[in-house]
Structure formats: structure tokens, C-alpha cells
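The values are calculated or read from the model by the stated rules, or taken from the named source; none is laboratory data. Everything numeric here is computed off the predicted structure, so don't read it as measured data. Counting neighbours? That spans all protein chains shown, and the Cβs are built from the backbone with ideal geometry, glycine included.
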Amino acid sequence: MDIFKILALAILTCIATIIVKQVKPDFASIVAIAGGVVILLFILNYLGDILSVFQGIISKTGLSPSLFSTILKIIGIGYLTEFTANLCNDSGNSSLATKVGLAGKVIILFISLPIITNLIEIILEILP
């Protein structure tokens, strides 16, 4: 399973970063970034599989592709916001991390407004 490879790589990267930080502090961030990039490369296959499943759902259900596009945007914004906020926290900028989190939530709400509006319209049509 790839998760065990990813977890092992993360632990090894953390250990390597600690060791390198004691010897050459300038290179510690490079080691951490390299470990993060390798982990991201591990998950690229999963992203392709997820997109193909969404394509299958779209073709089977006949739902609007823009609906799934919006959902994917929301998921992507959520992940990127969390990743960026964690980077800010790790660098000691917790105030900035909080603002990034708030910005992500506001943008997600804005992007989801058409879906929420459509759901309310459907509910109102069903109710007498």
C-alpha cells in the first residue's frame, strides 16, 4: 500500500531534516521540500483515478459536468488552503495561517452558492 510508503517517507524526511538542520541549517528546508515533492508524486496516480471515476458518474447520471467541476474546485481549494495554512503555521505565522483558512472558507462558500441556490429551488418546488 502506498500509504505506508508515504508515511515512511514522511518520517524519514522529518528525521533527515532534523539531522541536516544541525549540520547545515540552510539545506534543511530543501530536504523537507524534496520529501514533500516525492510524496506529491506518489498521489498523482490517485488523482487521475478520481477524475476518471467522476467522468464515469457524469456519463452514467447525466448530471451537469459543471456541477462536478464546481465540486472538484471546492475540494481543491480546501486542500490547497489547508496545505498553505499548515505551511504558514510551520513557519511561525499562525496569524497568517488563520487568515488563509478564512479566505479559503469564504471562497468555498462563494463558489458553492449556485449549488446551494439550486438545492433551495428544488426543495421549494417539492414543498406544497
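Considering 80, 127, 102, 119, the condition of being more than 13 Å from the chain's Cα centre (by Cα) and at pLDDT 90 or above is satisfied by 102 alone.
Within the range 90-114, the set of residues being surrounded by fewer than 14 Cβ atoms within 10 Å (Cβ to Cβ) and closer than 22 Å to residue 63 by Cα comprises 109, 110, 113, 114.
For residue 21, the requirement of being out of contact with any Leu (no Cβ under 7 Å at 6 or more places or on another chain) and surrounded by 14 or more Cβ atoms within 10 Å (Cβ to Cβ) is met.
Results for (1) closer than 24 Å to residue 18 by Cβ; (2) acidic (Asp, Glu), shown as yes or no for each residue.
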position	(1), (2)
35	yes, no
40	yes, no
49	no, yes
80	no, no
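The C-beta contact set for the range 59-73 (first residue modelled with pLDDT of 85 or more, second residue not hydroxyl-bearing (Ser, Thr, Tyr), distance under 6 angstrom, 6+ apart or interchain) comprises 73/111. Can residue 63 be described as closer than 23 Å to residue 114 by Cβ and not in a helix (DSSP H, G or I)? Yes. Of the residues in the range 115-128, how many are surrounded by 12 or more Cβ atoms within 10 Å (Cβ to Cβ) and closer than 18 Å to residue 75 by Cβ? So the answer is 1.
For the range 83-102: of the residues being among the hydroxyl-bearing types (Ser, Thr, Tyr) and assigned to a helix (DSSP H, G or I), which is nearest to residue 37 (Cα to Cα)? Looking at residues that are among the hydroxyl-bearing types (Ser, Thr, Tyr) and assigned to a helix (DSSP H, G or I), I get 84.
Here 87, 47 are screened, and the one residue that is under 14 Å from the mean Cα position of the chain (by Cα) and surrounded by 13 or more Cβ atoms within 10 Å (Cβ to Cβ) is 87.
For the range 50-84, what are the residues that are in contact with a helix residue (DSSP H, G or I) (Cβ under 7 Å, 6 or more places away or on another chain), surrounded by 13 or more Cβ atoms within 10 Å (Cβ to Cβ) and not aliphatic (A, V, I, L, M)? Those that are in contact with a helix residue (DSSP H, G or I) (Cβ under 7 Å, 6 or more places away or on another chain), surrounded by 13 or more Cβ atoms within 10 Å (Cβ to Cβ) and not aliphatic (A, V, I, L, M): 54, 68, 70, 73, 78, 81, 84.
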